[in-house]
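Here's the structure we're looking at; comments come further down.
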Amino acid sequence: MTRLTTLRDKDPKEVARLLSLVSRSLLPNPGIGDVIQQTGADSAFVKAVLSEIRGYLRVPESDQSIKTHSQIYAFLSEEISKATLTNVALSNIEVRLGNRGELHPSQYEVRFPENILEQLEAMGNRKNYIVEAVTQPDKVLHLKAKYLSEDRDPRLTISIKLVAAKRVEDRFILFVLSTRTGHFHTVLVALRVYFTEVNLYEANDPIDIVKSFAGHFGLTFRLGDRTSKFMLHEAIRFERPLSPLNPVEDVRPIDMPVGHTYAAALYGGETEVKGSGGEYIGEVVLGFVVDLTEYLNMLRRHHVHLRQDIEEYLRHLKIPNISRNDTDYQ
C-alpha cells in the first residue's frame, strides 16, 4: 500500500500509472508548453502529490535543487515499485521469506494442529505464553536441513522465552518447537526448563537449551542404525521408506521404566540418496525422546496444576508422538 494519502483509494495499477505521470512532470522543460499538461494528468492532482511527497521528505516548495529532485525521484521510484508488486507477488515473497525464517517473529501468525493446544494446556502451558514465545522470543533459531531437499525440510524453529514467577525457584525458560509455512508458525512442542532442575550454566543459545533439557529428561533411544539421546542433523540408515517419519513406530526407547509415558520429538525425513546396500538414508534435523512421566513429576514439584490422570488423558488425545512403554527394551 502506498504511503500517499492522495492515492489511497486507487488500485495498485492505477497508483503506478499516476505516479509515472507525476515522475514525468518533473522532467526538464525544453520550453515547449506546460510539462504537466503534456503528461495528460490533472495539474492540481500532480501538485497535490508532489506537495505530499515534499512533506514526507521535509523539503519546502521553494527548494528546487538537484539534490531535492533526486530525493523526490527516489521516493517516486520506490512507490512505483511497491505498486507494481501485485498482492499475489507480495504474498509469494512473504511465503518465501517466511519459509526461510527471514520475517520478523512478530510478522508470523501462530497456529496449532488438532489436539496439540489441548495437550500443551493440559501440561500446564498457557496459550498466550506459547504465542508470545514465538512472536516475541528472547532468542530464536531457525534450523535448516543439511541433507534434505528444500521441499522435505521441516523448516523447524526453536523459540525461547524467560517466564518469571513469584518464587525464584519457579522461574523457567519456555522453549517452543514449531515449523514454518509462509507467515505461519505451526506449534508442535512447548516445554519448560526450570533453572533449579536443569543445568543451564553453559547454555547460551536455543539449541543449548534444548540439548540441556534432553540431557536431563531425555531417554536414550534407537532410530534406524543409530542410538543416541540427542540428534542434530544426523544422517541415519533405514530399511524402509520414511514417508513420513513415525515417532512411535520408528523409535525404541532404551532403559526406560516399564509403564512410563514417553514423547518423541523427531523432525526430519528421507533424503534423495540411497546407501550402498540399497537402504534408505534419512536426516534427523532435530530429535530427542522425553520421559514424560518424569517431566510431569517435575511440573508437580513446581506446583503446576495437572489432571490426576494426565498421562492417560494425553494418550487418549491420540497425538502421534506420545506413547506408553509396555516393553522392557534393552
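No lab work stands behind these numbers, since they all come straight from the coordinates. These figures come from a predicted structure and were not determined experimentally. As a convention, Cβ positions derive from the backbone with ideal geometry for all residues, glycine included, and neighbour counts pool all protein chains shown.
What does the helix-only formula give at 222 nm for the chain: each DSSP H stretch with n ≥ 4 adding -39500 (n - 2.57), the total divided by the residues, and the result rounded to the nearest 500 deg cm²/dmol? Before the final figure, lay out each step's value.
Details: 11 runs with 116 residues, N = 330.
Helix contribution divided over all residues of the chain: -10500 deg cm²/dmol.
If a/c stays under 1.5 just call it rounded; otherwise compare a/b with b/c (prolate if a/b is bigger, oblate if not). Do that for the chain, with a ≥ b ≥ c from the square roots of the Cα gyration tensor eigenvalues.
prolate
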Net charge (Lys, Arg +1; Asp, Glu -1) of residues whose beta-carbon lies under 13 Å from that of R237, R237 excluded, is -3
Would you look at the GNM of the chain, springs on alpha carbons closer than 10 Å, and say which of S212, S81, S62 moves the most? S62
Once you list every other residue whose beta carbon is under 14 Å from the beta carbon of V273, what net charge do they have if Lys and Arg are +1 and Asp and Glu are -1? 0
Would you please give the residues with an amide H less than 5 Å from that of L26, counting only those at least 5 places away or on a separate chain, with H modeled from the backbone geometry? none
Compute the Cα gyration tensor for region 129-235, then decide on rounded, prolate or oblate, letting a ≥ b ≥ c be the square roots of its eigenvalues: rounded whenever a/c is under 1.5, prolate when a/b is larger than b/c in the other cases, and oblate in all that remain. oblate
Label E150 and V304 with points 7 Å out from Cα along Cα→Cβ: what is the distance between them in nm? 3.8
Tell me which GluC sites (Glu not before Pro) from region 150-204 have a DSSP coil assignment and no more than 15 other beta carbons within 10 Å of their own. E202
Length added when fully stretched, K229-R8, from 0.36 nm per residue minus Cα-Cα: 73.9 nm
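Using the structure shown, list the pairs from K139/K229; K144/K211; K13/K82; K161/K229 with a Cα-Cα distance above 21 Å, or answer none.
On the way: K139/K229 24 Å; K144/K211 17 Å; K13/K82 10 Å; K161/K229 24 Å.
Violating the 21 Å Cα-Cα cut-off are K139/K229; K161/K229.
In region 162-213, which chymotrypsin sites (Phe, Trp or Tyr not before Pro) fall in coil by DSSP and have 16 or fewer other Cβ atoms within 10 Å?
Working: sites: F172, F175, F184, Y194, F195, Y201, F213; in loops: F195, Y201.
Those that pass, being in a loop and sparsely packed, are F195, Y201.
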Using θ = phi - 60° and the Karplus curve 6.51 cos²θ - 1.76 cosθ + 1.60, what whole-Hz ³J(HN,Hα) does each residue of region 147-160 get, with Gly and Pro shown as x? 10, 8, 5, 4, 6, 9, 5, x, 6, 7, 10, 10, 10, 10
